[in-house]
Amino acid sequence: MTDEHWLHDFETEAERRSRREDPPWAQGARLHPDVAKSVQRFQVGEAGDGANLIAKAGDGDYLAAVRLFVAEEQNHARMLAELLAAAGVPTIPNHWSDAVFVRLRRALGLRLELMVLLIAEVVALRYYRALRDGTTDPLVTQVAARILADEERHVPFHCHRLRIGFTRFPKPVRAVVFGAWRVLLIGVAVTVAADHGPALHRLGVGRRVFVADVLTAFESALARLRGTA
């Protein structure tokens, strides 16, 4: 895949999304209070404007693809807000975990910002799978499935750019960087598992299982970066 291919992928998805009807919000949704609190926090995390990432993306096809990536993330925030409204639950203006991620990402260059962003994406993969599979409410299942399908494309998109960014790094340096990156990933996964533990329990996923699955997804992403996937 090249930047041109990724741009085409995002353009195709944007066109498909424009033709697809929204989930049936009017039918309402049922969210257990623990799950509702969890969704509120993820909604905040999806709601950024992406201006900092866009400013670092340079120009050309990659910049255009990043803009469409940000639009998909904003659509996730919109759908989660609609889902909460369908369940009679308000959105929240902020959450400490999102503030930490935003400050960390804004302080870094493009490569390091994408490394932090990839951590958030692999965590989201497991979370939205739990949300999709752990509820009997059809509206919740549909929204989670739509978001999960996008996240499954986002991870290889970021891996593509990061692989380019790490090309000139000697193998020993990459090994050290990937090791530190893995430690940060585990710390984030444990924190999310603790913070969202009650919701994950309601969705049928234990904290340890959640952390292990996130680590597995991260190792798959690293395999892409190494070209061994």
Legend entry - By accessible area with a 1.4 Å probe, ligands and nucleic acids excluded, highest first: order of Glu4, Glu73, Glu21: Glu21, Glu4, Glu73
Inset, instruction - Please identify the helices of the chain, taking whole runs of DSSP H, that span at least 30 Å along their own axis as judged from the Cα atoms and have a mean Kyte-Doolittle score of 1.0 or higher. - result: 171-195
Inset, instruction - Calculate, for Val176 and Gln27, the FRET efficiency according to 1/(1 + (r/R0)^6) with r their C-beta to C-beta distance and R0 45 Å; round to the nearest 0.05. - result: 0.30
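At a Förster radius of 41 Å, what calculated FRET efficiency corresponds to the Cβ-Cβ distance of Thr136 and Arg224, to the nearest 0.05?
Here the calculated transfer efficiency is 0.75.
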Legend entry - Label-point separation, Leu215 to Ala85 (7 Å along Cα→Cβ), nm: 4.1 nm
Legend entry - Simple spin-label estimate for Arg111 and Ala145 in nanometres, 7 Å along Cα-Cβ: 4.1 nm
Inset, instruction - Compute the Cα gyration tensor for region 1-102, then decide on rounded, prolate or oblate, letting a ≥ b ≥ c be the square roots of its eigenvalues: rounded whenever a/c is under 1.5, prolate when a/b is larger than b/c in the other cases, and oblate in all that remain. - result: oblate
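Only loop residues by DSSP count here, and only those with at most 10 other Cβ atoms within 10 Å; note down the trypsin sites (Lys or Arg not before Pro) in region 1-37 that meet that.
Values: sites: Arg16, Arg17, Arg19, Arg20, Arg30, Lys37; in loops: Arg20, Arg30.
Filter output for region 1-37: Arg20.
State the extension gain, in nm to one decimal, for the chain segment bounded by Asn94 and Gln74, taking 0.36 nm per residue of separation less the distance between their alpha-carbons.
Working it through step by step, the gained length comes to 5.7 nm.
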Inset, instruction - Calculate the tail of P(r) for region 98-229: the fraction of all Cα-Cα distances greater than 23 Å, expressed in %. - result: 34 percent
Legend entry - the chain, helix-only ellipticity at 222 nm - DSSP H runs n ≥ 4, -39,500 (n - 2.57), divided by all residues, nearest 500: -26500 deg cm²/dmol
Legend entry - Average accessible surface area per residue within the chain, 1.4 Å rolling probe, Å²: 49 Å²
Inset, instruction - Largest first and in whole Å, give the semi-axes of the chain's equivalent ellipsoid, each being the square root of 5 times a Cα gyration tensor eigenvalue. - result: 29, 21, 15
Inset, instruction - Filter the trypsin sites (Lys or Arg not before Pro) in region 150-218 to those in DSSP coil with at most 10 other Cβ atoms within 10 Å of their Cβ, and list the result. - result: Arg168
Legend entry - Shape of region 157-199, Cα gyration tensor, a/c cut at 1.5: oblate
Inset, instruction - Quick one: which residues, 5+ away or cross-chain, put their amide H under 5 Å from the amide H of Ala87? H built at 1.01 Å from N. - result: Ala29
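The values are calculated or read from the model by the stated rules, or taken from the named source; none is laboratory data. Quick caveat, the model's predicted, so the values are computed rather than measured. As a convention, Cβ positions derive from the backbone with ideal geometry for all residues, glycine included, and neighbour counts pool all protein chains shown. Just so you know, the surface numbers come from the protein's heavy atoms only, side chains and all, with ligands and any DNA or RNA stripped out. Shrake-Rupley method; radii C 1.70, N 1.55, O 1.52, S 1.80 Å.
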